[in-house]
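A short write-up of the structure that comes next.
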Amino acid sequence: MSENIIEVHNLKKIYPKNIVAVNDISFQVKKGICFGLLGPNGAGKTTTIEMMEGILKPTSGKILFKGELIDKRFKEQVGIQFQNTSIQDFLTVRDTLKLFLSLYLKVKPLDEIIEICSLHDIIDRDTKKLSGGQKQRMLLGIALINDPELLFLDEPTTGLDPQARRNFWELIRNIKKSGKTIILTTHYMDEAEVLCDEIAIMDQGKIIVQEKPEILLKENFCGAFVTIPYHSDYERIVNTLNWNIKIDSNSIQIQCVDIDEVLTILLRNKIPLTGLKIDEPNLEDLFIKLTGSSLRL
Amino acid sequence: MKKFLAIFMARNKEFFKDTGTLIWVILFPIVMITGLSLALSDNNKPLYKIGIIGTYNESADFFQTKYLQYINYDSEDEAILKLSHHQIDFLINIHKNEYWMNSDSSKGYIVEKLFEITGYSQSFIKHIVTGKAIRYVDWVFPGVIAMNIMMNSLFGVGFVIVRYRKNGVLKRLKATPLNSFEFITGQIFSRLFIVVTINSFVFLICNLFLKFVIVGSLFNMLLITILGSFCHISLGLLFSCRFKSEELANGVINLVSWPMMMFSGIWFSLEGAPSILSKIANIFPLTHFVTALRKIMLEGASLTGVINHIIILVVMSVVFLISGSYLFKWDEN
């Protein structure tokens, strides 16, 4: 039986002027997994994660950490990387890590943190002179400094270039291997697909679904997507066929089970296959299907 | 203690590595003192200051003389001390028919001659005091140092904590086991260490070439400097406890610091000032800080001699610190 490391029960956050950021949500996170909290900007995922971190007070509801309400000991056992954070100016990466090392009772040796987060090359650099990827690595180091059981990562790769994102994913994969539980919020669906064992999709303060990504995709899609370039003649033809289609100004997307049959019909109707694409459904497709909107990045 | 030291050291490193600010904080008072010293090196003001004890007859010839300023004193000892420091040029006790002049003062000699010419001196007994002149730069220096400490404290704590709150440093620290008391004490003692160290250095540098008149104990001056700094740092903390915007914090700190700079007796003596001005000045911690520091430095007062100022500074510090700690919020939410 897998144990839940953290449980959220009927959590609600209402900001002044009656703005409901999080609307009565409940979910559990199993120990040792990477749990993804997905959704567009403004969905309520950062508010949710900050309530779980103990940074924000919920309007109502409760959060249990290892079966108990969170208390003073909680901060010693969790690591947090915020979406936007600054650290004191004019300090080097080493100074900054040492500062945070002094704030916890139980800590990981500095050398190990440097090793895990690949900080060797920047350890004596002024934190102001770090690139986006380097800064995120240092902030991850701070989050790991107390060797936490549970790690919160709030949109850790937002704004990073593709190479830095992939390097960061590698660090997270290694942390996962060490058995830590990770709660990750992101609006990058590819990131969630690569890293998360289980996801919850939020929109407008509510959790729409929560499951393993592969199960969600299986439940919501069958087959693949065949996409052809848009043309008004093609649109007229595919509209006469009884297919599940989605049309925009650039393309016509056909969701199908039997790809061969679709291609045969297209050729029979003299629709050229030039520019045709065949894709497996992914989390972004799932998100669009479930929320009825594209990601609001 | 470990957490307090970590915050203390981190803040010190942050400050001392910010070389631009460091140079400014040291240079500003030195440049100001040097400028004042040069600008006011000529003490030949066209005004003679006469200390008066008792009520005088304004119609008497001597008191009709132009360009004489009369300052009333209740205490003869205090007035004699002022005369010995050349802060007044002549002293008359109307009740006792006695007068005092400083034999080291050329201005005192001239006023005595005027006193004699007008025939007013005949029934008065003459006393002579001696004493080295206190230059304006000696008098103004404790004020400039106290003002520098006030600015460093209010902006160094008030403004910096608001900046930390705005850019998320406080939020990051809140996520650790550090509590607000440990954070606040770390910030206060770091700033106290910085301002006392820097201003002691400024004092040493200025004293090297200006050779200030220092009558009192250097140790007592240091104690008052620490207390005055602590009081203003606590006031800075009070300003920083809730503000979310640097602009607002800047505005409020300026709103408080400018009247303090103008009316706390930094640039001119509050003696002889309208009573309303003296009452307003007594509200400001800077007034008590400057007055105590000046009394120790120039008049050789002991700590008991400035105990009323010490008590006021201690009470203000406690009120500011408790209110600031109670109202302190880590983040903007």
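The values are calculated or read from the model by the stated rules, or taken from the named source; none is laboratory data. Quick caveat, the model's predicted, so the values are computed rather than measured. Ideal geometry is used to build each Cβ from the backbone, glycine not excepted, and the neighbour counts take in all protein chains shown. Heads up: the accessible areas ignore ligands, DNA and RNA and are worked out on the full protein's heavy atoms, side chains in. Shrake-Rupley method; radii C 1.70, N 1.55, O 1.52, S 1.80 Å.
Under the classification rounded if a/c is under 1.5, otherwise prolate if a/b is larger than b/c and oblate if not, where does segment B:48-129 fall, given a ≥ b ≥ c as square roots of the Cα gyration tensor eigenvalues?
rounded
Taking the Cα centre as origin and putting +1 on Lys and Arg beta-carbons and -1 on Asp and Glu beta-carbons, what dipole magnitude results for chain B, to the nearest 20 debye?
1580
Straight-line reach only, C-alpha to C-alpha below 20 angstrom: list the aspartates and glutamates that A:Lys246 could link to, leaving out same-chain residues fewer than 8 apart.
Within the straight-line limit of under 20 Å, A:Lys246 reaches these aspartates and glutamates: A:Glu219, A:Asp233, A:Glu235, A:Asp258, A:Asp260, A:Glu261, A:Asp279, A:Glu280, A:Glu284, A:Asp285.
Where Rh is the Kirkwood radius over the Cα pairs of segment A:163-280, the temperature 25 °C and the viscosity 0.890 mPa s, what D in µm²/s does Stokes-Einstein return?
Translational diffusion coefficient: 142 µm²/s.
Got a number for carbon plus sulfur as a percent of chain A's accessible area, 1.4 Å probe?
Result for chain A: 48 percent of the exposed heavy-atom area is carbon or sulfur.
Please report the antiparallel percentage of DSSP beta bridges with both residues in segment B:48-129, rounded to the nearest 5.
Within segment B:48-129, antiparallel bridges account for around 20 percent of the total.
Quick one: putting +1 on the C-beta of Lys and Arg, -1 on the C-beta of Asp and Glu, what dipole do you get for the protein assembly as shown around its Cα centre, in Debye to the nearest 20?
Roughly 740 debye, rounded to the nearest 20.
If the cut-off is a Cα-Cα distance under 23 Å, which lysines reach B:Lys295, setting aside same-chain residues fewer than 8 apart in sequence?
B:Lys49, B:Lys82, B:Lys132, B:Lys211, B:Lys279
Restricting the count to DSSP beta bridges whose residues both fall in chain A, what percent are antiparallel, rounded to a multiple of 5?
65
Hey, can you grab everything whose amide H is under 5 Å from the amide H of A:Leu151? Only 5+ residues off in sequence or another chain; H modelled, so Pro and N-termini drop out.
For A:Leu151, whose amide H was placed from the backbone, the distant partners under 5 Å are A:Gly79, A:Thr181, A:Ile182, A:Ile183.
Report ³J(HN,Hα) in whole Hz for each residue of segment A:138-147, in order, from the Karplus equation J = 6.51 cos²θ - 1.76 cosθ + 1.60 where θ = phi - 60°; Gly and Pro get x.
Karplus values, whole Hz, x for Gly and Pro: 5, 5, 5, x, 4, 5, 9, 4, 9, 6.
For B:Tyr109, B:Tyr67, what's the largest-to-smallest order of accessible area, 1.4 Å probe?
B:Tyr67, B:Tyr109
Once phi is turned into θ = phi - 60°, what whole-Hz ³J(HN,Hα) does the Karplus curve with 6.51, -1.76 and 1.60 give for every residue of segment B:123-135, x standing for Gly and Pro?
In residue order, the calculated couplings are 8, 9, 8, 8, 10, 10, 10, 10, x, 6, 5, 9, 6 Hz.
Test of the criteria: in segment A:1-99, which trypsin sites (Lys or Arg not before Pro) are in a DSSP loop and have at most 16 other Cβ atoms within 10 angstrom of their Cβ?
Filter output for segment A:1-99: A:Lys31, A:Lys66, A:Lys72, A:Arg73.
Quick one: give the max-minus-min coordinate of the C-alpha atoms of segment A:91-141 along each principal axis, largest first, in Å.
Rounded to whole Å, the extents work out to 30, 20, 15 Å.
Using a 1.4 angstrom probe, figure out how much accessible area segment B:136-327 has per residue, in square angstrom, rounded to the nearest whole.
In whole numbers, segment B:136-327 has 38 Å² accessible per residue.
What FRET efficiency do you get for A:Glu7 and A:Arg166 if R0 is 41 Å and r is their Cβ-Cβ distance, rounded to the nearest 0.05?
Computed FRET efficiency for A:Glu7 and A:Arg166: 0.80.
When 1/r is averaged over all different Cα pairs and the result inverted, which Kirkwood radius in Å belongs to segment A:90-220?
One decimal place: 16.0 Å for the Kirkwood radius.
Using modelled amide H (1.01 Å from N, peptide plane; none on Pro or chain starts), what sits under 5 Å from the amide H of A:Lys30, excluding residues fewer than 5 places away?
When sequence neighbours closer than 5 places are left aside, the close amide H contacts are A:Ile5.
Charges on Cβ only, +1 for Lys and Arg, -1 for Asp and Glu, centred on the Cα centroid of the protein assembly as shown; of B:Asn250, B:Val290, A:Ile114, which one is farthest towards the dipole's positive end?
B:Val290
Nearest 0.05, what FRET efficiency do B:Ser75 and B:Met9 give at R0 = 60 Å with Cβ-Cβ as r?
With a Förster radius of 60 Å, E is 0.80.
State, in angstrom, two size descriptors of chain A derived from its alpha carbons: Rg to one decimal place and Dmax to the nearest whole number.
In Å, with Rg to one decimal and Dmax whole: 22.6, 72.
Using θ = phi - 60° and the Karplus form 6.51 cos²θ - 1.76 cosθ + 1.60, what ³J(HN,Hα) does each residue of segment A:189-206 get, whole Hz, x for Gly and Pro?
Rounded to whole hertz, the list is 5, 5, 4, 5, 5, 6, 9, 8, 8, 8, 10, 10, 9, 10, 8, 6, x, 10.
So who's got an amide H within less than 5 Å of the one on B:Val129, skipping anything under 5 residues away but keeping other chains? H placed 1.01 Å off N, in plane.
Excluding prolines and chain starts, which carry no amide H, the hits are B:Met101, B:Asn102, B:Ser103.
Starting from one equal scatterer on each C-alpha and no solvent at all, send me the Debye-based log10 I(q)/I(0) for the protein assembly as shown at q = 0.10 Å⁻¹, two decimals.
-0.95
Using DSSP loop states and a limit of at most 11 other Cβ atoms within 10 Å to flag trypsin sites (Lys or Arg not before Pro), what is the longest stretch of chain B containing no flagged site?
B:67-210
Chains A and B: how much accessible area gets covered up at their contact, both sides added, probe 1.4 Å, in Å² to the nearest hundred?
Approximately 2400 Å² gets buried when A meets B.
Taking the alpha-carbon distance from A:Lys106 and a cut-off under 16 Å, which aspartates and glutamates remain once sequence neighbours fewer than 8 residues away in the same chain are dropped?
Once the sequence-local aspartates and glutamates are set aside, what remains near A:Lys106 is A:Glu76, A:Asp147, A:Glu149.
In chain B, if every C-alpha pair distance is counted and binned at 20 Å from zero, what percent goes to each bin?
28, 48, 19, 4, 0
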